[in-house]
Amino acid sequence: MKNANIENAGRGELALSQPTYDVLLISFSGSWKIGNDLPSAEETLNKIETANTIRCVAFDTKNLSGWDSGFLTFLIKVMDQCSQRTLSIDKTGLPQGVQRLLALASAVPERAGVRKETTQEPFLSRVGTATIEFGRSLPELLAFIGEAFMAFLKLFTGKARFQRQDLWVILQQTGVQALPIVSLISLLVGLILAFVGAVQLRMFGAQIYVADLVGIGMVRVLGAVMTGVIMAGRTGAAFAGELGTMQVNEEIDALQTLGIPPMEFLVLPRMLALMLMMPLLCLYADLMGLLGGLIVGVGMLNLNLMEYINETQSAVTLTNLWIGIFHGGVFGVLVALSGCLRGMQCGRSASAVGQATTSAVVTSIVCIVVATAIITLICEILKV
């Protein structure tokens, strides 16, 4: 047996010994803390490096009175050297707390640049998965629509429970505050529609029919569609974000615990506000679109102001106006339903709120396009 004692002026001490020819025993004594003058690990590392017979390193901490990260640093250096020389390490002589910390420190992180292999799912498999998920979510969608319908029935019977003040606030948010963006987009759509029509109508000297094109297009469909898309990106996303955040904060759970139906207290005023405001916003969008066409017709096509107005009046009928208003009411219901549905379906994380907001906008726009096609087909069948 060989012994080598190493003493320092500080309180921490260690001793190296070989109980057997292939085992190196490191004995610790005193207080191994950073504030003390601790022994250097160099001699221990040299011993491990030069002794060819050593196959195992063990520890003795019976005389250890205290330790902190300084002790752990020493052990980590020794263990790294043992790993490089493929020596076994016997940790049974160390305190339990030290063993647990060493296990955490020796956990191997994922190497930079090395990523797990990912296999892309086949296209048909992705389509099938999406179809199955849609089928599973369909009952939830139908249940939500049914609950919304029952909430409206309670509203008509005067039994719905929600804050009337909240309704007025939402009316302001979905109505007056939306006028600037609706004005800008509708005016530009009217300008663009007039420009596109003028390019072809000029060839036949029929510039006056720009008034018919812009008037019928904006009043019958485009005014409502553009307003619906704007409200989907502005209000539908806001509804999903608000309700999603309430889901994350467990406010909706608190309402249910208090016996307050979230469908009546949260969803109903939002749906009601958007249903009331969308037809009015559509009328305003129609006016701004007609103004855009008027600017192009009078300013660039040199049409007479009264002539343009008279042509617009003769082209746009009340039937076109009512169809446009009906579009607006339907779009209001769809946008409100989509936004509130995705908000109520939101998960319990910040990323889920973002996903709910994105999903609300996409769902709203898809519903608007599908509803426009269906209404147009019905109008064609009815010859209106």
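For Cα pairs less than 8 Å apart in space and 6+ apart in sequence, what is the mean separation divided by the residue count of the chain, i.e. the relative contact order in percent?
Reported as a whole number, the value is 16 percent.
For Leu303, which sequence-distant residues (separation of 5 or more, or a different chain) have an amide H within less than 5 Å of its own amide H, given hydrogens modelled in the peptide plane?
Amide H neighbours of Leu303: Val298.
In whole angstrom, how far apart do the alpha carbon centroids of the stretch 258-306 and the stretch 56-102 sit?
74
In whole Hz and in residue order, list the ³J(HN,Hα) couplings for the stretch 311-318 that follow from phi through the Karplus curve 6.51 cos²θ - 1.76 cosθ + 1.60, θ = phi - 60°; x for Gly and Pro.
5, 5, 5, 6, 7, 8, 9, 5
Give the label of the value calculated from the structure for mean projected area of the Cα convex hull in nm², choosing from [x] 35.1; [y] 18.6; [z] 19.6.
[x]
What angle, in degrees between 0 and 90 and rounded to the nearest 10, separates the Cα long axis of helix 123-156 from the longest principal axis of the Cα atoms of the chain?
Its long axis makes an angle of about 60 degrees.
Sorting Glu13, Glu42 on the 10 Å Cβ count, fewest up front, what's the list?
Glu42, Glu13
Per residue of the stretch 175-191, what does 6.51 cos²θ - 1.76 cosθ + 1.60 with θ = phi - 60° give for ³J(HN,Hα)? Whole Hz please, x for Gly and Pro, Karplus curve as stated.
With the stated coefficients, the stretch 175-191 comes to x, 4, 5, 8, 4, x, 5, 5, 4, 4, 5, 5, 4, 5, 5, x, 4 Hz.
May I ask for the distance between the Cα centers of the stretch 332-363 and the stretch 139-216, given as a whole number of Å?
Cα centroid to Cα centroid, the span is 19 Å.
Mind ranking 336-343, 65-72 by how tightly packed they are, going by the mean number of other C-beta atoms within 10 angstrom, highest first?
336-343, 65-72
Within a Cβ distance under 14 Å of Val78, other residues only, what is the Lys/Arg minus Asp/Glu net charge?
-2
What does the highest-first list of 20-30, 247-257 look like by mean Cβ count within 10 Å?
Packing proxy ranking, top to bottom: 20-30, 247-257.
How large is ³J(HN,Hα) for each residue in the stretch 327-337, as worked out from phi by the Karplus curve 6.51 cos²θ - 1.76 cosθ + 1.60 (θ = phi - 60°), to whole Hz, x for Gly and Pro?
Using θ = phi - 60°, the values come out as 3, x, x, 5, 5, x, 5, 5, 5, 5, 4 Hz.
Going by amide H atoms built from the backbone, whose H comes under 5 Å of the H on Asp60, apart from near neighbours?
Under 5 Å from the amide H of Asp60: Ile26, Ser27, Phe28.
Relative contact order, percent, of the stretch 24-110 when contacts are C-alpha pairs under 8 Å separated by at least 6 residues?
Relative contact order here is 36 percent.
Enumerate the amide H contacts of Trp67 below 5 Å, restricted to partners 5 or more residues apart or on another chain; note that Pro and chain-start residues carry no placed amide H.
Trp32
Starting from 0 in steps of 5 Å, tell me what percent of the Cα-Cα pairs of the stretch 112-225 lands in each bin.
Reading the bins upward from 0: 2, 8, 8, 8, 8, 8, 10, 11, 11, 11, 8, 4, 1, 0.
Every read-out reported here was derived from the displayed coordinates using simple, explicitly stated rules and does not represent laboratory data. Note that the structure is a prediction, hence the values are computed from the model and not measured. With ideal geometry, Cβ positions are generated from the backbone for all residues, glycine too; neighbour counts draw on all protein chains shown.
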